[in-house]
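I have placed the structure first, in the form of structure tokens, so that the comments after it can refer back to it.
Read-outs throughout are calculated quantities, based only on the coordinates presented, and are distinct from any laboratory measurement. Quantities reported herein were computed from a predicted structural model and do not represent experimental measurements. Cβ coordinates were reconstructed from backbone atoms using ideal geometry, including for glycine residues, and neighbour counts include every protein chain displayed.
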Amino acid sequence: MIALLKPFRYMWGYLREISGENAYDRYVVVHMTTHPERPPMSRGEFYRHRQEEKYNNPGNRCPC
Amino acid sequence: MGNRLGRYGIWVVVAIVGAVCWGMLALSRGETVNAGWLLFAAIASYAIGYRFYARFIQTRVLETDDSRATPAERLNNGRDFEPMDRRVLFGHHFAAIAGAGPLVGPVLAAQMGFLPGTVWIIVGVILAGAVQDMTTLFFSMRRDGKTLGQMAREEIGPVGGAAALIAVLSIMVILLAVLALVVVLALAESPWGAFSIAMTIPIALLMGIYLRFLRPGRVLEVSAIGVALLILAILGGGWISESSAYAGAWTFDANTITFALIAYGFIASVLPVWVLLAPRDYLSTFMKIGTILLLAIGIAITLPAMQMPRATQFAFNGEGPVFAGSLFPFVFITIACGALSGFHSLIASGTTPKLIQKESQVRTIGYGAMLMESFVAVMAMIAATTLDPGVYFAMNAPATVLGDTVQSASQAVNGFGFSVSPQTLQNTANAVGEESIVGRTGGAPTLAVGMSAIFAQVTAFLGAGLQAFWYHFAIMFEALFILTTVDAGTRVGRFMIQDLVGNVWRPFARTSWLPGNLIASALIVAAWGYFLYAGVNDPQGGIYQLFPLFGIANQLLAAVALTVGTTILIKMGKLRYAWVTALPLAWDAAVTLTASYQKIFSPDPLLGFFAQRSAAIEAARNNELFGNAETQADVQQIIVNTTIDGILSIIFALMIIIVIADAARVWFGLVRGTKEPELSEAPWQESHLDSEGREIEREPVGARS
């Protein structure tokens, strides 16, 4: 039963990864090691930043 | 010996399978050819290209070095620089390069038969398109993710750099206009389509609020909600189109939709991204990947036969009703993105190079993702060519040639040398839940009819009559991501204008400054809006006139990327392997310049813009009609359009000549030794990550005594 679920678990993990859902958690880890003196951005703030950056950059999506 | 056989034996089998499939495609004597042959010919060719040619480029030409830290590792900040798992990055990169081009181009190129387009989609990607993506990705990665424009400036010079920038901006404008045109043509006079697409706006607003205020960053759940609402919107559209009370209210002509789109593009560019653009982008990405998967499964299950002949007479006489010009160069111009897409070099030098874990992964991500894109183009070709050729031409010839009724369209198709009964045309329209399918140019409706036929066959056990749902599902999927492109493209174009003007007048460059935002947005929307309007009202057919320009522009950008690549290879001391990018460049330049030459100088008014212009002027002087014009105003419109299109062709051709000439100057200097090869690569640093991105455990220095 558990073995049967494995591909779905993998797919779910992949989807979470690719949609950027756990990007924030990873960011916090990196931030804590590189700048432990400053508090990291909040979740909302982090995604706001990311979005701005993404859509202000011509290399983000191919229109064709 | 045995080891060797084991290693290469499988590849001998793959090569034989591929050769047999290609043989069936080219030589089979049957009435029709099954799409399965095409599918397997493509897969076998990709496998060989990826295993041997891409590997050769990786190990011999680029010499990727996995002990060298990538910018993602060196500059990791958890935000824009970050080592990302190669499978996830592959997904990201593919989602970023996959657009409407590989779906639309092959459908239009199908007017020449299935073989010419297919050969280029497969051969072109292996030898040119995927090579461009992979090398650009590698060079940008070695330069900490510099953009194509910056690399052109640094490696070639300011002239080449400026030409690249102008090329990108003008491509953007023509691209957005052509893609918007595809949407307008698909939604005009279709209450079902118009309603379901309009509903995506409130759905996106809702998702935006959810993501911003309720559950930040929870992309999956909000996308699931969005897709569910989207399906409801498609079902609702079916209900609207059958209701006598609402069908009329949701039926719009092409011009109304054009102005709605222009207004929408402006608003979307001015608004903050979280309101509309970002949520729509999530929706369209999931829809895009999902639908492409469905199509692959559908084709694999149904294995349809291709009805279109191998090559039609239009491949040779250049008089096709979908676009003018013969096989060389126009099939290459029309296929565009599925085989070689210049715009990908912007993606490959944008976000992706900042996320690569290991240098060797440029092969999987750059080359591999482009092979996938080409496979999407192959599927689009299959979907279009499984249609009855008569239906295909009745959908794709300009409306002015076909007339308004199924009878006149049937006659026009007979004139092209194919046959279709008026009854068949009406039945097809009924099956997909549309009033008429005659003259629905732009490629999207044709693809949707082909796709819906395949899906309907798969879901036949659920009952008949599902084709109309699948047709509108396909239209929704295409329109949704084209509109997302229009939003995103307008916004990027706006930033490019602000950046350009900002060089002269500082405050303009501040993207948060509202007047600058409004003016730049208005400029870019006006530019593509003009071409869109002209295309919608072009008596000669907007797609017929503008699609070749779009193709030329995209191939021009590919020439810039390949020129930059060749320059860097020479600087790296790889002159002996410079043909890897130089040969595709030579081919691309030949195609683009021949196409431009014909568009500018051809004396045939069907092909040459200026020949068409003089003929129209002549006709106006004698108070006669010209081409497909029905009134004198139409003739005037043709004169204006051909003037502008002709001038654009000249600008595009000049750009490519300037970039290549400027680079050739640098190449000669390097080869003759009068120029020092200065590489602007970031310096070597040792990597501390293994091939799965884990930190390598190291014994601290001096621990061992």
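Computed over the protein assembly as shown, the alpha-carbon pair-distance distribution with 20 angstrom bins reads 16, 52, 29, 3, 0, 0, each value a whole percent. Taking amide H atoms as placed 1.01 Å from N in the peptide plane, the amide H of B:Met306 lies under 5 Å from those of B:Val33, B:Asn34, B:Ala35, each 5 or more residues away in sequence or on another chain. Spatial offset of segment B:616-660 relative to segment B:38-65 amounts to 43 Å, using the alpha carbon center of each. Scalar couplings 3J(HN,Hα) for segment B:652-669, obtained by applying the Karplus form with A = 6.51, B = -1.76, C = 1.60 to θ = phi - 60°, are 4, 5, 4, 4, 5, 5, 4, 4, 5, 5, 5, 5, 4, 4, 5, 4, 4, x Hz; x denotes Gly and Pro.
So if we plug the beta-carbon distance of B:Arg672 and B:Ile231 into 1/(1 + (r/R0)^6) with R0 = 45 Å, what FRET efficiency do we get, rounded to 0.05? Computed FRET efficiency for B:Arg672 and B:Ile231: 0.10.
Pairs exceeding a 21 Å alpha-carbon distance, out of B:Lys146/B:Lys354; B:Lys571/B:Lys675; B:Lys146/B:Lys571; A:Lys6/B:Lys354; B:Lys354/B:Lys574; B:Lys288/B:Lys358: A:Lys6/B:Lys354; B:Lys354/B:Lys574; B:Lys288/B:Lys358. To the nearest 10 degrees, how steeply does helix B:254-270 sit against the main Cα axis of chain B, on a 0 to 90 scale? Its long axis makes an angle of about 30 degrees. The string of couplings for segment B:356-368 from the Karplus curve (6.51, -1.76, 1.60, θ = phi - 60°) is 6, 7, 9, 4, 5, 6, 4, 6, 4, 7, x, 6, x Hz, one whole number per residue in order, with x for Gly and Pro. Averaging Cα coordinates gives a centre for chain A and one for segment B:329-361; these two points are 23 Å apart. Taking Lys and Arg as +1 and Asp and Glu as -1, the other residues whose beta-carbon sits under 15 Å from that of A:His31 total 0.
Under 5 Å from the amide H of B:Leu689 lie the amide H atoms of B:Ile696, each residue being 5 or more positions distant or on a separate chain, with H modelled from the backbone and absent for Pro and chain starts.
Selection among B:Leu229, A:Ala3, B:Ala582 by position relative to the dipole of the protein assembly as shown gives A:Ala3 as farthest towards the positive end (Cβ unit charges, Cα centre).
Other protein chain C-beta atoms within 10 Å of residue C-beta, averaged over B:350-357: 2. Spherically averaged projected area of the convex hull of Cα atoms, segment B:59-187: 11.3 nm².
Computed from phi, the 3J(HN,Hα) profile of segment B:565-570 under the Karplus parametrisation 6.51, -1.76, 1.60 (θ = phi - 60°) reads x, 4, 4, 5, 4, 5 Hz, with x in place of Gly and Pro. Net charge of the neighbourhood of B:Ser436, taken over other residues with C-beta under 9 Å away and scored Lys/Arg +1, Asp/Glu -1, is -3.
When only the Cβ of Lys, Arg, Asp and Glu is charged (+1, +1, -1, -1), the dipole of segment B:367-498 relative to its Cα centre reaches about 220 debye. When only alpha carbons of chain B are considered, Rg and Dmax amount to 25.4, 101 Å. Relative to the Cα centre, the charge distribution of chain B, modelled as +1 at Lys and Arg Cβ and -1 at Asp and Glu Cβ, gives a dipole magnitude of about 1760 debye. Counting charges near B:Pro539 (Lys, Arg +1; Asp, Glu -1) among other residues having Cβ under 13 Å from its Cβ returns a value of -3. The mean number of partner chain beta-carbon atoms within 10 angstrom of a residue's beta-carbon across peptide B:204-217 is 2. Panel note: the C-alpha atoms of segment B:437-568, placed on their principal axes, show extents of 64, 41, 34 Å (largest first). Rounded to the nearest 20, the Cβ-based charge dipole of segment B:282-407 about its Cα centre (Lys and Arg +1, Asp and Glu -1) stands at 480 debye. Ranking B:Ile437, B:Gln150, B:Pro398 by Cα position along the charge dipole of the protein assembly as shown, where only Lys, Arg, Asp and Glu carry charges on their C-beta atoms, puts B:Gln150 farthest toward the positive end. By the helix-only formula, in which each DSSP H run with n ≥ 4 contributes -39500 (n - 2.57) and the sum is divided by residues, chain B has a 222 nm mean residue ellipticity of -22000 deg cm²/dmol. The spacing between segment B:243-277 and segment B:76-142, judged by their C-alpha centroids, is 30 Å.
Angle of helix A:2-18 to the longest C-alpha principal axis of chain A, folded into 0 to 90 degrees and rounded to 10: 20°.
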